[in-house]
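The values are calculated or read from the model by the stated rules, or taken from the named source; none is laboratory data. In this text, all values refer to a predicted model and were calculated from it rather than measured experimentally. Note that each Cβ is placed from the backbone with ideal geometry, even for glycine, and that neighbours are counted across all protein chains shown.
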């Protein structure tokens with residue numbers, strides 16, 4: 001494994017996953033706010049590791065493998081944890097996770113035909129998920145709790161809609177790639 005800054009950030013994100021899980025099951029507002037901070041910090045490492053790797057031209061087998069695993073693990077633990085503690089409806093968790101893991105499977109199936117790059121919509125989807133999950137994780141002050149809850153729900157619905165739309169687009173692009181490579 002090559003030790004460089006992007007890989008170190010990916011490893012840090014992986015290490016945040018169990019900490020996030022522990023903080024989610026502790027029934028305490030301070031632990032929930034800490035969970036939000038850990039989640040946001042981990043999400044920031046996702047943006048930083050990619051930006052640094054692209055800027056410096058750094059690629060590694062570890063990064064190619066661990067980065068998407070870290071991303072999926074972070075989102076999965078946050079969504080499942082929020083659903084387990086009754087904060088997030090299970091249908092939202094299921095829809096997002098089916099899309100995330102479904103796209104991963106599609107990516108592996110079409111890999112021999114080529115790589116489908118992340119789309120702008122996929123990046124917007126990721127930001128929407130991070131914002132919505134962060135809002136669900138953070139404990140709002142009592143004076144704005146009801147408004148916060150409504151805004152968090154709207155943000156999550158937007159994230160779900162983007163998640164589904166970009167999943168459909170990804171499958172469409174995979175079908176086109178596969179068809180084009182088979183006819184070439």
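The rows are residues; the columns are (1) free of Cβ contacts under 8 Å to residues at least 24 places away in the same chain; (2) within 13 Å of the chain's Cα centre (by Cα); (3) under 25 Å from residue 37 (Cβ atoms).
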site	(1), (2), (3)
104	no, yes, no
108	yes, no, no
117	yes, no, no
142	yes, no, yes
159	no, yes, yes
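Within the stretch 108-121, being more than 19 Å from residue 160 (Cβ to Cβ), at pLDDT 85 or above and surrounded by 13 or more Cβ atoms within 10 Å (Cβ to Cβ) holds for one residue alone: 110.
Of the candidates 114, 121, the single residue that is touching a helix residue (DSSP H, G or I) at 6+ places or on another chain (Cβ under 8 Å), more than 26 Å from residue 81 (Cβ to Cβ) and in a loop (DSSP other than H, G, I, E, B) is 114. When the residues of the stretch 55-84 are filtered to those that are surrounded by fewer than 14 Cβ atoms within 10 Å (Cβ to Cβ) and in contact with a helix residue (DSSP H, G or I) (Cβ under 9 Å, 6 or more places away or on another chain), the one that is nearest to residue 157 (Cα to Cα) is 59. In the set 57, 50, only one residue is at positive phi and out of contact with any strand residue (DSSP E or B) (no Cβ under 8 Å at 6 or more places or on another chain); that residue is 57.
Of all the criteria given as (1) part of a helix (DSSP H, G or I); (2) touching a helix residue (DSSP H, G or I) at 6+ places or on another chain (Cβ under 9 Å); (3) over 17 Å from residue 81 (Cα atoms), the one not satisfied by residue 153 is (3). Against the definition (free of Cβ contacts under 8 Å to residues at least 40 places away in the same chain, over 26 Å from residue 48 (Cα atoms) and surrounded by 13 or more Cβ atoms within 10 Å (Cβ to Cβ)), how does residue 151 come out, yes or no? Judged against the criteria, residue 151 is a match.
Here is a check on your reading of the model: is residue 159 crowded, with 18+ Cβ neighbours inside 10 Å and modelled with pLDDT under 95? So residue 159 does not fit the description; no.
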